[in-house]
Amino acid sequence: MNDLNAFTGLVRRCVEDYDMIAPGDTVAVGVSGGKDSLVLLLALNELRRYYPKPFSLEAITVELGFEGMDFAPVAELCASLGVPYTRLKTDIKEIVFDVRKEDNPCALCAKMRRRAQCTASSQSSRSATTLTTRSRRFCSRSCTRGASAAFNR
């Protein structure tokens, strides 16, 4: 738990330095089921317990369309944390691999995932969205705060 506390401190510093969370925000975390997104979800859940600006938390998984993906453990974790969990079904796999037959699919797939999550955020009450991409980026303002250009690049 000590490592999670240290990471939560780094997240708090980032949130404060860039004024990423306003009182009453709902922060949606893009959760793939991998360690990066799950640690971020746990850190933000810990942060909301003591952060001076109260905020809500939600987890979102963008389902790409691959067979055999089991997100039940993610759903169980979210339930144990009291975090609402949404699964967005998409046809990203079909578009990237079957229709376009991309040789290097990573950039297009990432852009389509971000677009799906951003679209879902803008159509709901979520006011901030977090994405994890190999720990290079852990917080981005959402479309509802006027930063949609950052997601659509």
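The values are calculated or read from the model by the stated rules, or taken from the named source; none is laboratory data. Nothing here was measured: the structure is a model prediction, and the numbers come from that model. Reconstructed Cβ throughout: ideal geometry from the backbone, glycine too, with neighbour counts over all protein chains shown.
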If I ask for residues that are farther than 25 Å from residue 16 by Cβ and among the aliphatic types (A, V, I, L, M), which ones from the stretch 38-93 would you list? 62, 64, 69, 72, 74, 75, 77, 79, 88, 92
Answer yes or no: is there a residue in the stretch 133-140 that is among the aromatic types (Phe, Trp, Tyr), at pLDDT 70 or above and closer than 30 Å to residue 56 by Cβ. no
Quick one: in the stretch 67-93, which of the residues that are surrounded by 13 or more Cβ atoms within 10 Å (Cβ to Cβ) and either on the phi > 0 side of the Ramachandran plot or assigned to a helix (DSSP H, G or I) (or both) is farthest from the chain's Cα centre (by Cα)? 93
Can you pull out the residues in the stretch 1-49 that are of a type in the set (S, T, N, Q) and either under 18 Å from residue 113 (Cα atoms) or surrounded by 16 or more Cβ atoms within 10 Å (Cβ to Cβ) (or both)? 8, 26, 32, 37, 45
Checking the structure you have, find out if any residue of the stretch 38-47 is outside any helix (DSSP H, G or I) and in contact (Cβ under 8 Å) with a residue 40 or more places away in the chain. no
Go through the stretch 1-19 and give me each residue that's under 13 Å from residue 51 (Cβ atoms) and not in a loop (DSSP other than H, G, I, E, B). 8, 9, 11, 12, 13, 14, 15, 16
